[in-house]
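Structure first, commentary second.
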């Protein structure tokens, strides 16, 4: 079993990615903005099926992105990047779950 110091130096571990250690967070905002736009578009395609549910889903995705912007400028570096990654991952997960809710509500 490797010692803790050996594990922290291992570049193959997920937690040792440069995007989670040394990034300024700007790339997370750029890619997060693109992902948020795609998620919002996907939800707005459902506008004809259920206007309130599609609007709620799009607003929540926008709030995830707004939270990414706030986190980028308010948190210190190591935890900031992990939180940005979690918010980034939450957007498509929320979108998929909410699409199932819309489809279940309509049918």
Go through the residues of region 19-35 one by one and say whether even a single one is at pLDDT below 90, in a loop (DSSP other than H, G, I, E, B) and within 23 Å of residue 107 (Cβ to Cβ). no
When residues of region 50-79 are limited to those that are over 22 Å from residue 96 (Cβ atoms) and surrounded by 15 or more Cβ atoms within 10 Å (Cβ to Cβ), the one modelled with the lowest pLDDT: 75
Residue within region 56-79 that is in a helix (DSSP H, G or I), over 25 Å from residue 22 (Cα atoms) and out of contact with any helix residue (DSSP H, G or I) (no Cβ under 8 Å at 6 or more places or on another chain) present: yes
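The values are calculated or read from the model by the stated rules, or taken from the named source; none is laboratory data. A quick note: this is a predicted structure, and the numbers were derived from the prediction, not measured. Methodologically, a virtual Cβ is constructed for each residue, glycine included, from the backbone with ideal geometry; neighbour enumeration extends over all protein chains shown.
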